[in-house]
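Structure, as structure tokens:
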Amino acid sequence: MTTSTLSRAVAIALAATLLSAPALAAELTGTLKKIKESGSITLGHRDASIPFSYFGDNPSQPVGYSHDLQLKVVEAIKQQLNLPELKVRYNMVTSQTRIPLVQNGTVDLECGSTTNNIERQRQVDFSVGIFEVGTRLLAKKTAGVNDFADLKGKNVVTTAGTTSERLLKIMNAKQKMGMNIISAKDHGESFLMLESGRALAFMMDDALLYGEMAKAKNPDDWSVVGEPQSFEIYGCMMRKGDPAFKQVVDGAITATFNSGEVNAIYDKWFMQAIPPKNLNLNFPMSDELKKLIATPTDKSAEQI
Amino acid sequence: MNYNWDWGIFFKSTGIGSEIYLDWFVTGLGWTIAIALVGWVIALLLGSLLGVMRTVPNRWIAGIATTYVEIFRNVPLLVQLFLWYFLVPDLLPEPLEMWFKQDLNPATSAYLSVVVCLGLFTAARVCEQVRTGIQALPQGQTAAAYAMGFRLPQIYSNVLLPQAYRIIIPPLTSEFLNIFKNSSVASLIGLMELLAQTKQTAEFSANLFEAFTLATLIYFTLNMGLMLLMRMIEHRVAVPGLIAVGGK
Amino acid sequence: MDFSAILPALPGLWDGMLLTLQLMVMGVLGGVILGTALAMLRLSHNKWLANAAATYVNYFRSIPLLLVITWFYFAVPFILRWITGEDTPIGAFSSCLVAFIMFEAAYFCEIVRAGIQAIAKGQMGAAQALGMNYPQSMRLIILPQAFRKMTPLLLQQSIILFQDTSLVYTVGLMDFLNASRSRGDIIGQSHEFLIFAGLVYFTVSFAASLLVKHLQRRLAV
């Protein structure tokens with residue numbers, strides 16, 4: 001109860017800053033200044049992070065849960081800068097390129113499936129969390145994999161540049177499990193390794209695993225198993241040290257949370273048929289996510 | 001500017017086991033060399049065979065070699081690699097497919113795909129060099145060998161090829177160096193060769209300038225070293241008076 | 001194998017092909033211009049300039065294109081920021097194009113240099129005897145002949161670049177290969193789309209190389 005009143009107070013404060021925007025316009029700095037001057041914003045998105053940010057039916061237009069939230073931010077920026085004609089450019093990123101591209105100024109705002117953690121906080125700034133996942137395993141039901149312990153000496157795939165890759169490599173070294181770890185370029189390729197039998201299991205964020213499953217030839221053959229190795233909060237990334245921009249981003253996301261619009265967006269991507277195969281992920285909102293929406297935070301899961 | 005330079009990064013722990021970043025580069029270089037050398041052996045053997053085939057007086061045999069060269073030269077290396085890595089294993093008979101995908105270490109299966117891919121890709125280029133070398137030799141040599149009672153295989157192995165190879169050392173050298181550079185595509189199928197290790201270092205440590213600078217230096221040194229080595233070999237085996245014929 | 005899904009995907013693949021062709025054409029143009037400039041420097045009588053150009057060429061010829069693409073993708077915006085002090089939006093396309101131009105220039109330089117050297121020395125002497133200075137004799141006498149002589153080689157290198165553009169896959173640019181791969185992946189038919197991509201690349205490169213051979217016979221001086 002206290003936390004939700006607190007968040008309301010934050011929202012009101014943010015709304016107040018939004019309303020006083022014209023007064024600030026003269027002294028824009030950083031990303032907002034760049035957006036105002038160029039009349040365009042570059043959004044970072046993924047190509048195969050189903051259902052967060054990916055190419056659905058149209059191979060030049062990303063869609064997804066995170067992407068919808070990202071567009072909410074764009075709307076807020078349009079208002080704040082009084083730029084109804086703001087041009088949106090898209091720049092696809094991969095797990096490996098997303099951080100350097102945000103740092104080096106190519107991408108202004110990346111919303112996909114990026115875990116907020118302390119290490120990355122040194123390199124970029126995160127928005128308030130937009131999702132919470134656990135890192136688990138996807139395996140064929142018949143493969144006899146129920147938990148990480150079953151993977152000793154086996155081939156396991158994960159996506160290069162993700163927190164799962166790091167966790168898996170560390171687990172392998174620490175517990176001397178003798179796993180052969182394949183680091184694929186993106187989630188689509190990881191799943192290809194799994195589906196073609198090269199790997200016995202695919203370690204990744206559970207929501208993404210459900211997304212990959214929806215893509216499978218026979219989604220019923222697969223299941224997500226294993227004790228979560230970590231809980232992770234996704235955030236949108238932006239360049240470090242730009243509080244004015246971060247305020248707009250956080251404000252837009254928090255407003256979407258508080259108005260309840262986020263529930264409709266969640267439903268659309270997790271509880272209804274989604275492109276490209278019109279499958280339903282049937283992934284009800286977790287208690288962790290409900291909590292995150294009630295009390296938005298830009299801290300990582302380990303910091304809470 | 002929020003970039004923290006740290007040239008000491010290579011001696012810092014990666015956070016995985018007791019490895020430091022430099023270990024990753026050493027492992028990566030090892031894979032790069034292993035890919036290039038074995039790929040080169042395949043390329044040289046197959047390329048020589050194809051080069052000979054293109055020059056023999058038989059339309060069908062020459063036609064086969066020509067077709068090979070056209071196919072392997074006109075499809076991008078990366079597409080070929082994806083075909084070898086993603087498609088070909090699925091076409092193998094079931095037991096072999098399972099062995100390749102599940103029993104083999106994934107690094108080994110990726111390695112085999114890359115080596116075969118680069119070997120066959122480079123063979124098409126070697127073939128053209130060998131053919132050029134053979135055709136650069138005076139026609140009289142073949143005629144003279146026939147007159148001495150040599151049969152065609154003997155003419156190739158004793159007369160034409162030994163000379164042709166010496167003429168084409170410079171272009172062969174550049175193909176040899178190319179295979180080292182081309183081996184970097186292996187990073188795209190998850191084999192942890194030099195470029196992949198560089199990317200991983202950049203990503204784990206966030207010191208991307210340092211990582212890429214070191215990688216560039218390694219490739220540059222490797223390339224220069226091999227070039228000098230090949231020049232020495234070229235001088236050793238030079239046939240006086242022959243270089244003028246085909247040497248470019 | 002079921003190739004029926006390719007037809008509805010063609011518009012998206014065509015967009016990818018346009019990007020590939022754009023990269024190639026702009027890469028060749030930029031590469032030839034920079035390469036010619038480098039060749040001039042390499043052939044100049046100034047030792048410093050000649051050495052600098054030679055170092056450039058040796059440097060880019062000894063590292064993999066894939067490394068250059070990745071390197072530039074991360075580094076170019078950083079460097080621009082150091083220079084201009086501002087975030088300059090530079091997308092994957094621009095950074096890949098810069099990488100191709102700088103990399104290919106090293107190769108084009110060598111082709112142009114060989115082309116110039118193949119034009120008899122006497123011609124330069126003759127031009128100078130007619131009172132032309134060095135730039136004039138290069139521009140009016142040597143280069144026109146040299147370019148005619150090296151056109152086939154330049155075109156061959158362009159075909160190689162056409163194939164090499166597929167390496168932008170590594171930075172996620174939606175060229176023809178990446179568009180095919182991405183489409184095939186999302187509808188679960190990666191094999192079919194990969195084979196299709198291979199066939200298209202083959203057809204284009206093969207047809208182009210036949211044209212070059214034809215041209216080579218006609219252009220022979």
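A few points about this structure:
- Loop-located GluC sites (Glu not before Pro) in the range A:43-140 (DSSP state not H, G, I, E or B) with no more than 13 neighbouring Cβ atoms inside 10 Å: A:Glu85.
- Ranking B:Trp7, B:Asn58, B:Asn182 by Cα position along the charge dipole of chain B, where only Lys, Arg, Asp and Glu carry charges on their C-beta atoms, puts B:Asn58 farthest toward the positive end.
- Expected 222 nm ellipticity per residue - DSSP helices of 4 or more, -39500 (n - 2.57), all of chain A, to 500: -11000 deg cm²/dmol
- Compactness index (Cα Rg / 2.2 N^0.38 Å), the protein assembly as shown: 1.04
- Proxy reagent accessibility, fewest Cβ within 10 Å first, across A:His45, C:His191, C:His45: C:His45, C:His191, A:His45
- Cα extents for the range A:243-296 along the principal axes, largest to smallest and rounded to whole angstrom: 40, 24, 16.
- Oblate is the label for chain C. Its Cα gyration tensor axes, ordered a ≥ b ≥ c, give a/c of at least 1.5 and b/c at or above a/b.
- Note on chain A: Cα-Cα pairs beyond 23 Å make up 55% of the total pair count.
- Loop-resident sites, the range A:116-158, for trypsin sites (Lys or Arg not before Pro), counting at most 12 other Cβ within 10 Å (DSSP): A:Arg122, A:Lys152
- Between the range C:80-113 and the range A:74-147, the Cα center-to-center distance that results, in Å: 27
- Largest-first principal axis extents of the Cα set of the range B:31-106 (Å): 46, 30, 22
- Cα pair distances exceeding 22 angstrom across chain B, given as percent: 63
- Annotation: the range A:108-173 has a Kirkwood hydrodynamic radius of 14.3 angstrom, from the mean reciprocal C-alpha pair distance.
- Mean shadow area of the range B:145-248, taken as a quarter of the surface of its Cα convex hull (nm²): 9.5
- Sequence-separation-based contact order of chain A, relative, with Cα cut under 8 Å and 6+ spacing, percent: 26
- Prolate is the label for the range C:1-106, because a/c, from the alpha-carbon gyration tensor with a ≥ b ≥ c as root eigenvalues, is 1.5 or above and a/b exceeds b/c.
- Structural descriptor for chain B: relative contact order 28 percent, calculated from alpha carbon pairs under 8 angstrom and at least 6 residues apart.
- Dimensions of the range A:134-231 from C-alpha coordinates, computed as largest minus smallest value along each principal axis and given longest first, are 35, 26, 24 Å.
Just so you know, all these numbers are worked out from the coordinates, no wet-lab data involved. All figures in this text were calculated on a predicted structure; none of them were measured in a lab. When we count neighbours, we look across all protein chains shown, and the Cβ atoms used for this are built from the backbone with ideal geometry, even at glycine.
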